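Shown next, in structure tokens, is the structure this report addresses.
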Amino acid sequence: MTTQLLGASSAQMVHAPVTVPVLQRMKQERTPIVSLTAYDFSFARLMDRAGVDILLVGDSLGMVIQGHPTTLPVTLEQMIYHAAAVVRGAKRAMVVCDLPFGVCHGGGAAVMAAAVRIVKESGCQAVKLEGGVRIAETIRYLVEHEVPVMGHVGLTPQAVHRMGGFKVQGRGEEGERVVADALAVQEAGAFAVVLEGIPATLAEKISKSLLIPTIGIGAGVACDGQVLVMHDLLGVYEEVIPRFAKRYLPEGMLTAAVAAYVQEVREREFPGAEHSFAG
Ligand code: KIV
């Protein structure tokens, strides 16, 4: 990230680790926060070097890494495994790890035990929880015990069965429920909140009224930051392609690389002498 991007008063923070106060300052200075999901060391390092501020170890890994139709089967062990790999690749970026489905249902102490395991065993800086008013007390409990929490309201993929699919939330009068959820998350002490799959006008209203940064995904351009699933950015996950997913890699590029390898092996062009060892 360049000095111009952060603005003069944030210049000293350019290479400094991204922390909760840094994100708060970025909101105040209207510097867009950049987040991407990451699930392994190599991509975490690449994203960190490219200037991504928050590496989110999302339970979307259940879909894009494991091939499940939803995020629900992901376990706590799997989240810790991936988060630890991402942390090893991150020098500057903050690493946030999702609490997987089912963990929140155990209430304060059970959630705390899971969050402590995530932070201790992976080395990440914060956890993310889906839900608003319903889980506000749980968020408060974690924050009071020094676990930084990122909230997640609107389209919450762990509620896929209740929602009847990955559907836009908060249209019309339903918007008030999303506003209440976002306020509850802030009130409970979260340092930021993901706004997923809600109308852009609603996300703008929430972003203007909250003091903490909003990180949008399918929530329009007025959020304080944006997050994308890495596989959507690369265009390598075809099972669900949300309208908000933008591909940044030319279509077919990765397939072409693999196809070139297949062809060279078949034609005994690979490995060449430069890739072989002399006796
Ligand atoms: O699991 C995930 O990747 C997420 C992002 C889409 C915000 O929650």
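The values are calculated or read from the model by the stated rules, or taken from the named source; none is laboratory data. What you see is a predicted model, and the numbers here were worked out from it, not measured in a lab. Heads up, the Cβs are rebuilt from the backbone with ideal geometry, glycines too, and the neighbour counts pull from every protein chain shown. In case anyone asks, the SASA skips ligands and DNA or RNA and just uses the protein heavy atoms, side chains included. Shrake-Rupley method; radii C 1.70, N 1.55, O 1.52, S 1.80 Å.
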Requested in this report: Kindly indicate whether residue 75 is at pLDDT 95 or above, open to solvent by less than 20 Å² (accessible area, probe 1.4 Å), within 26 Å of residue 162 (Cβ to Cβ) and within 16 Å of the ligand (Cβ to nearest atom).
Outcome: no
Requested in this report: Scan the range 82-95 residue by residue and report those that are free of Cβ contacts under 8 Å to residues at least 60 places away in the same chain and hydrophobic (A, V, I, L, M, F, W, C).
Outcome: 83, 84, 85, 86, 87, 90, 95
Report task. Determine the pairs where a residue that is modelled with pLDDT under 95, located within the range 2-27, has a partner that is among the polar types (S, T, N, Q) and open to solvent by less than 60 Å² (accessible area, probe 1.4 Å) with Cβ atoms under 7 Å apart, the partner being 6 or more residues away or on another chain. Result -> 5/31; 6/31; 7/31; 10/31
Query raised in the report: When residue 31 is evaluated against the numbered criteria (1) part of a loop (DSSP other than H, G, I, E, B); (2) modelled with pLDDT under 95, which criterion, by number, is the only one it fails?
Result: (2)
Query raised in the report: Picking from 148, 100, which residue would you name as being out of contact with any strand residue (DSSP E or B) (no Cβ under 9 Å at 6 or more places or on another chain) and closer than 21 Å to residue 227 by Cα?
Result: 100
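So that you can scan it fast, the table gives a plain yes or no per residue for (1) open to solvent by 10 Å² or more (accessible area, probe 1.4 Å); (2) in contact with a strand residue (DSSP E or B) (Cβ under 7 Å, 6 or more places away or on another chain):
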residue	(1), (2)
185	no, yes
188	no, no
193	no, yes
197	no, yes
205	yes, no
212	yes, yes
220	yes, no
223	yes, yes
226	yes, yes
Query raised in the report: Does residue 102 meet the test of being assigned to a helix (DSSP H, G or I), surrounded by fewer than 20 Cβ atoms within 10 Å (Cβ to Cβ) and of a type in the set (Gly, Ala, Ser)?
Result: no
**Report entry** Pair list, Cβ < 6 Å and 6+ apart or interchain, from the range 118-132 residues that are in contact (Cβ under 8 Å) with a residue 40 or more places away in the chain and open to solvent by less than 40 Å² (accessible area, probe 1.4 Å) to residues that are away from the ligand (no atom under 14 Å from the Cβ) and not hydrophobic (A, V, I, L, M, F, W, C)
**Finding:** 126/148; 132/181
**Report entry** Pair list, Cβ under 6 Å, 6 or more apart: the range 186-211 residue under 16 Å from residue 56 (Cβ atoms) and more than 16 Å from the ligand (Cβ to nearest atom), other residue among the hydroxyl-bearing types (Ser, Thr, Tyr) and open to solvent by 40 Å² or more (accessible area, probe 1.4 Å)
**Finding:** none
Report task. Please go through the range 74-99 and pick out each residue that is part of a loop (DSSP other than H, G, I, E, B) and among the charged types (D, E, K, R). Result -> 91, 92
Query raised in the report: What number goes with the only condition from (1) open to solvent by 20 Å² or more (accessible area, probe 1.4 Å); (2) within 16 Å of the ligand (Cβ to nearest atom); (3) of a type in the set (Ser, Thr, Tyr) that residue 156 does not pass?
Result: (1)
